[in-house]
Amino acid sequence: QIVELYNTLGEIYLNIDDIENASNCIFSAYKIEEIENNNFSLSTYLSLSKFYLALYENKKKLEDINNSIKYLESFKKVLKNDSEKAIYYSNYGKIKMKLKNYDDAILMFGEAVKINEASKNYASLADNYYNIGRIYEEKNNYELALANYKNSLKNDKLVENTVGIFIT
């Protein structure tokens, strides 16, 4: 659980652009797993991938994006279910998007959409469609951007409805 906590803290620091604290937390998780069992959890691989992607965004060093891909590929090797596959595809789509490799990014997000639709994972669907919309907007295809943003909002609304049903 301590590893999960460090990874979660690291990702929160990434979300607020605090790279130094993110690094401390994520690499603490990595070191603990290395010492304890020399096996790394899905969350550690994913956190490391996100960390290096954030470094790439700040410094534009090819080495950082290569490390991001390396850890995401390590994540792929230990996937256990479709939900984890959707996470892989979504994160790979984000990497491709950062590299402006938009066609590959759309393919990755499309794979995530298929899995998330089958499992009715509306929150992830909202995120996937949002990212596809951003890509189409970047490509000046506003009609497809708008359609994907609307799909994102529709799925976001389904999340609200599901939460509301669950609570009552």
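Could you please find all residues in the stretch 124-153 being among the hydrophobic types (A, V, I, L, M, F, W, C) and either under 17 Å from Asn81 (Cα atoms) or touching a Ser or Thr at 6+ places or on another chain (Cβ under 9 Å) (or both)? Outline the logic, then answer.
Step one: filter the stretch 124-153 for residues among the hydrophobic types (A, V, I, L, M, F, W, C), giving 125-126, 132, 135, 144-147, 153.
Within the stretch 124-153, Leu125, Ala126, Ile132 meet the criteria.
With the condition kept exactly as written, say whether any residue in the stretch 140-158 is closer than 27 Å to Tyr56 by Cβ, in contact with a Lys or Arg (Cβ under 8 Å, 6 or more places away or on another chain) and in a helix (DSSP H, G or I). First the steps, then the outcome.
If we filter the stretch 140-158 for residues that are closer than 27 Å to Tyr56 by Cβ, which is where we start, we get 140-141, 144-145, 148-149, 152.
With the extra rule that they be in contact with a Lys or Arg (Cβ under 8 Å, 6 or more places away or on another chain), the set shrinks to 145.
Narrowing further to those that are in a helix (DSSP H, G or I): 145.
The answer is yes; a qualifying residue exists.
Do you know which of the residues in the stretch 1-39 that are among the polar types (S, T, N, Q) and either assigned to a loop (DSSP other than H, G, I, E, B) or under 13 Å from Lys50 (Cα atoms) (or both) is least open to solvent (accessible area, probe 1.4 Å)? Steps first, please.
Let us first name the residues in the stretch 1-39 that are among the polar types (S, T, N, Q), namely 1, 7-8, 15, 21, 23-24, 28, 37-39.
Right, trim to either assigned to a loop (DSSP other than H, G, I, E, B) or under 13 Å from Lys50 (Cα atoms) (or both) and you get 1, 7-8, 15, 23, 37-39.
Working: Gln1: 197, Asn7: 4, Thr8: 76, Asn15: 131, Ser23: 33, Asn37: 85, Asn38: 103, Asn39: 101 Å².
Looking at residues that are among the polar types (S, T, N, Q) and either assigned to a loop (DSSP other than H, G, I, E, B) or under 13 Å from Lys50 (Cα atoms) (or both), I get Asn7.
Hey, among Asp64, Asp127, Asp104, which residue is open to solvent by less than 70 Å² (accessible area, probe 1.4 Å), touching a Leu at 6+ places or on another chain (Cβ under 6 Å), in a helix (DSSP H, G or I) and of a type outside the set (A, V, I, L, M)? Step through it out loud before you land on a result.
Values: Asp127 fails: touching a Leu at 6+ places or on another chain (Cβ under 6 Å); Asp104 fails: touching a Leu at 6+ places or on another chain (Cβ under 6 Å).
Of Asp64, Asp127, Asp104, the one residue that is open to solvent by less than 70 Å² (accessible area, probe 1.4 Å), touching a Leu at 6+ places or on another chain (Cβ under 6 Å), in a helix (DSSP H, G or I) and of a type outside the set (A, V, I, L, M) is Asp64.
I want to confirm something. Restricting to the stretch 107-123 and keeping residues that are of a type in the set (A, V, I, L, M) and out of contact with any Ser or Thr (no Cβ under 8 Å at 6 or more places or on another chain), which single residue is least open to solvent (accessible area, probe 1.4 Å)?
The first filter runs over the stretch 107-123 and keeps only residues of a type in the set (A, V, I, L, M), leaving 107-108, 112-113, 115, 118, 123.
Now restrict to residues that are out of contact with any Ser or Thr (no Cβ under 8 Å at 6 or more places or on another chain): 107, 113, 118, 123.
Details: Leu107: 111, Val113: 14, Ala118: 87, Ala123: 58 Å².
Checking each candidate, the answer is Val113.
Run down Ser68, Ser23, Ser47 and say which single residue is polar (S, T, N, Q) and out of contact with any Gly (no Cβ under 8 Å at 6 or more places or on another chain). Walk me through how you get there before you give the answer.
Numbers: Ser23 fails: out of contact with any Gly (no Cβ under 8 Å at 6 or more places or on another chain); Ser47 fails: out of contact with any Gly (no Cβ under 8 Å at 6 or more places or on another chain).
Answer to the check: Ser68.
How about the stretch 73-101: which of its residues are within 19 Å of Leu144 (Cβ to Cβ), crowded, with 17+ Cβ neighbours inside 10 Å and among the polar types (S, T, N, Q)?
Ser90
Search the stretch 61-72 for residues that are of a type in the set (D, E, K, R) and pair each with any residue that is open to solvent by 40 Å² or more (accessible area, probe 1.4 Å) when their beta-carbon atoms are under 9 Å apart and the residues are at least 6 apart or on different chains.
These pairs meet every condition: Asp64/Glu57; Asp64/Asn58.
Can you name the number of the only condition in (1) surrounded by fewer than 21 Cβ atoms within 10 Å (Cβ to Cβ); (2) closer than 19 Å to Lys96 by Cβ; (3) in contact (Cβ under 8 Å) with a residue 24 or more places away in the chain that Phe51 fails?
Of everything listed in (1) surrounded by fewer than 21 Cβ atoms within 10 Å (Cβ to Cβ); (2) closer than 19 Å to Lys96 by Cβ; (3) in contact (Cβ under 8 Å) with a residue 24 or more places away in the chain, Phe51 misses just condition (1).
The values are calculated or read from the model by the stated rules, or taken from the named source; none is laboratory data. Computed from a predicted model, the values in this text were never measured in an experiment. Methodologically, a virtual Cβ is constructed for each residue, glycine included, from the backbone with ideal geometry; neighbour enumeration extends over all protein chains shown. Each accessible area value is taken on the protein alone, full model and side chains, heavy atoms only, with ligands, DNA and RNA left out. Shrake-Rupley method; radii C 1.70, N 1.55, O 1.52, S 1.80 Å.
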